[in-house]
Amino acid sequence: MTEPLLKVEGVRAYYKLGRVFVRAVDGVSFEVNEGEVLGVVGESGCGKSTLSNVLMMNLRRPLVLVEGRVLFKMGNGFLEISSLGREEVKKRLWGKEMAVIPQSAMNALMPTIKVRKYVEHLAESHNIPKEEILEKIRIRFQEVGLDPVWLERYPFEFSGGMRQRAVIAIATLLNPQLLIADEPTSALDVVNQKIFLKVLIQMKKRGIVKSIVFITHDIATLRQIADRMVVMYAGKVVEVSPLEEMLRKPLHPYTKGLLDSVLTPEPEVKDRGITTIPGAPPNLIDPPTGCRFHPRCTYAMKVCREKEPALVEVEKGRKVACFLFTEEIA
Amino acid sequence: MRLVVRNLSKTFSMGFFSRRHVEAVRDVSFEVKGGEIVSLVGESGSGKTTTAKMILRLLPPTRGEILFEGKDVWRDLKEREELREFRRKMHAVFQDPFASYNPFYPVERTLWQAIELLGEDLSKQDKLNLIKESLLRVGLDPKDVLGKYPHQLSGGQKQRIMIARCWILKPLFIVADEPTSMIDASSRGGIIKLLEEMREENGTSIMFITHDLGLAYYVSDRIFVMKDGRIVEEGSPDEIVLSPKHEYTKTLVSSIPKLYKRMEDLV
């Protein structure tokens, strides 16, 4: 049941700026299992959007893959997509096997090109008869709560929430196995956010997509749909855990700090109070030595400044990169 | 009553040939006591920022009155000195800490200006000491900040300097328009605590203008919910969040994702 669909192994992806590197994704390993919603959470500048580009192999200069592999399940084996070029992955996998709803999905459609044109373009590039795909999009539009007459309209006529749903309908038209959503809800008001989450859950229930990677800074939104969580800090994965267990008992001090800073309208939040993590996230050109979180961590020990903690399984299904849990092992 | 707003309305007129009228704020009334923290909650276009601008005397109202410390801010303040007094007692902290600074001057310029506004006769050294004290007070090390230009500081640092400015002026009233929306979640708590301390120490009244009901629920004594230019519901945070009465508030509360509960009607 928990077969991986996508495997990320020791990936380092840097932005090469002249002679310096911005180490946006730096030694990251995790898996996306079949049938799950994996939440990736972190603050701005932690490398989570870079990660979505790496998963898609959407690498364009200055972003380069320095090390590591990305494997995608095809048939009975795994295809090492990181050994293929961007163009090759685009031709063979984008749209059919994996699709992305980018952060800028609200502006992904040219305001003056009819939505139908995008769909026809999709048919052309995948050699599918136009009529067949137009029939498909009409059904898909209804599934996401849009009247098919909107296919004949221009994107500037759509509201923000409708545009977002149009993008997801087009992105999933060829039933990709993996859907990557990068901050899809942050530009929407709360009512449209909720509709969008419903659409996403329906897509998975009906088997239109198998797995979803949902990338955001908003833990309360992830809490509604994610099965497992990946917590990123300064280009590293610091914790991987089933969602419920992470909420009940966060392991990494950063995870705990992040959870305790969430402000939602709930009595529990008032009882808990709100805490602040001192300091600010580091510059990824010259990150701190040892554990990257140590300058902000109240539990920092000598070893944290000197050695980098590995991501180690400390309980069944729970991994953490912190010497508080792994010192004996190290 | 520190602030009384009565039947406040603002209509914008647009277009050259066929004039269209947009009623941004419609007949809004409320009161804020000394030392009270209230929140005006609404989505974009609800009229909350327009209301704040009228209170801050940045935008004239079409109808209605705003009484601050018993004086109508649009009719009673005529003399230069009265206006200066108003600027000292009523202060704003805006959403975008980047836009509140002139990029060509070091950031402490805003603090020097605050001291000028105080109008007290202090030596240059005393003024500098006051600036340093205010920075320490908001958790900044003066040597990290003094002489720096806005682009050299983080959003959280800049927002803290705006609060240092409040600390120098010790205003009676702070209007905080989305003060935490451009700051990372992990630094947000610090800004909120600093504003709460202003209230504890000086009895400052604070009005948060925000779309974030979570923030409003956490900090406020009372919440006003705005929709299409009107206040549709007001009450204590618990009344608004746990037993909302108006249809709009109900939808809003039920649509906001919670941390400790999964929405039941998603699947």
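The angle between the Cα long axis of helix A:115-125 and the longest principal axis of the Cα atoms of chain A comes to about 80 degrees, rounded to the nearest 10. Charged neighbours of B:Val225, selected by a Cβ distance under 9 Å, balance to -1 (K, R count +1; D, E count -1).
Long hydrophobic helices in chain B: the complete DSSP H runs spanning 18 Å or more by Cα along their own axis with mean Kyte-Doolittle hydropathy of at least -1.0 are B:124-137, B:155-169, B:185-202.
Legend: mean number of C-beta atoms from other chains within 10 angstrom of residue C-beta atoms, peptide B:14-27, equals 0. Rounded, prolate or oblate: which fits chain B, taking a ≥ b ≥ c as square roots of the Cα gyration tensor eigenvalues, rounded meaning a/c under 1.5, else prolate when a/b beats b/c? It is oblate, given that a/c is not under 1.5 and a/b is not larger than b/c.
Taking Cα atoms only, the orientation of helix A:190-205 departs from the longest principal axis of chain A by about 80 degrees. Placing a pseudo-label 7 Å from each Cα along the Cα-to-Cβ vector at B:Leu136 and B:Glu81 gives an inter-label distance of 3.5 nm. Bridge orientation summary for the stretch B:3-261: considering DSSP beta bridges with both residues in this region, about 55 percent are antiparallel. Which angle from 0 to 90°, rounded to the nearest 10, does the C-alpha axis of helix A:130-143 make with the longest principal axis of chain A? The answer is roughly 60 degrees. Listed from fewest to most Cβ neighbours within 10 Å, the set A:Tyr299, A:Tyr15, A:Tyr254 follows the order A:Tyr299, A:Tyr15, A:Tyr254.
Please check: in the Gaussian network model of chain A (C-alpha springs, under 10 Å), which one of A:Phe293, A:Phe72, A:Phe21 has the largest mean-square fluctuation. Checking each option, the largest mean-square fluctuation is seen for A:Phe21. Annotation note: GluC sites (Glu not before Pro) in the stretch B:143-214 located in DSSP loop regions with a Cβ neighbour count of at most 12 within 10 Å are absent.
The order of the peptides A:22-34, A:76-88 by mean Cβ neighbours within 10 Å, most packed first, is A:22-34, A:76-88. In terms of its C-alpha gyration tensor, the stretch B:1-79 has an oblate overall shape, because the principal axis ratio a/c (a ≥ b ≥ c, square roots of the eigenvalues) is not below 1.5 and a/b does not outweigh b/c. Bridging of A:Lys205 to aspartates and glutamates at a Cα separation below 12 Å is possible for A:Glu36, once same-chain residues fewer than 8 apart are set aside. Adding -39500 (n - 2.57) for every DSSP H run of four residues or longer, then dividing by how many residues chain A holds, sets the calculated 222 nm ellipticity at -9000 deg cm²/dmol.
If you run the Gaussian network model on chain A, springs between alpha carbon atoms under 10 Å, then out of A:Gly47, A:Gly35, A:Gly279 the most flexible one is A:Gly279.
Shielding value for B:152-163 is 1, the average number of Cβ atoms from other chains within 10 Å of each residue's Cβ. Charge tally for B:Leu3 (other residues, Cβ to Cβ under 13 Å; Lys, Arg +1; Asp, Glu -1): +2. Taking every residue in B:218-224, how many Cβ atoms of other protein chains lie within 10 Å of its Cβ, on average? What the average comes to for B:218-224 is 2. The ranking of A:Lys210, B:Lys193, A:Lys48 from fewest to most other beta carbons within 10 Å of each one's beta carbon is B:Lys193, A:Lys210, A:Lys48.
Rounded to the nearest Hz, the phi-derived 3J(HN,Hα) couplings of the stretch A:288-294 under the Karplus curve 6.51 cos²θ - 1.76 cosθ + 1.60 (θ = phi - 60°) are x, 6, x, 6, 5, 8, 4, where x marks glycine and proline.
Comparing A:Leu51, A:Leu134, A:Leu71 in a Gaussian network model of chain A (Cα springs below 10 Å), the most mobile by mean-square fluctuation is A:Leu134.
Measure up A:Lys73/B:Lys261; A:Lys48/B:Lys48; A:Lys96/B:Lys227; A:Lys256/A:Lys307 against 31 Å on the Cα-Cα distance and list the ones that go over. Violating the 31 Å Cα-Cα cut-off are A:Lys73/B:Lys261; A:Lys48/B:Lys48; A:Lys96/B:Lys227.
Where only DSSP H runs of four or more residues are counted, chain B gives -11000 deg cm²/dmol as its mean residue ellipticity at 222 nm, each run worth -39500 (n - 2.57).
Let me check I've understood the local charge: for B:Gly119, count other residues with C-beta under 10 angstrom from its C-beta, Lys and Arg +1, Asp and Glu -1. What total comes out? Counting the neighbours of B:Gly119, the net charge comes to -3. Straight-line reach from B:Lys33: taking Cα to Cα under 12 Å and skipping same-chain neighbours fewer than 8 places apart, the aspartates and glutamates in range are B:Glu69, B:Asp221.
Just so you know, all these numbers are worked out from the coordinates, no wet-lab data involved. Just so you know, these numbers come straight off a predicted model, no measurement behind them. Don't worry about glycine lacking a Cβ; one is built from the backbone with ideal geometry, like all the others, and counts go over all protein chains shown.
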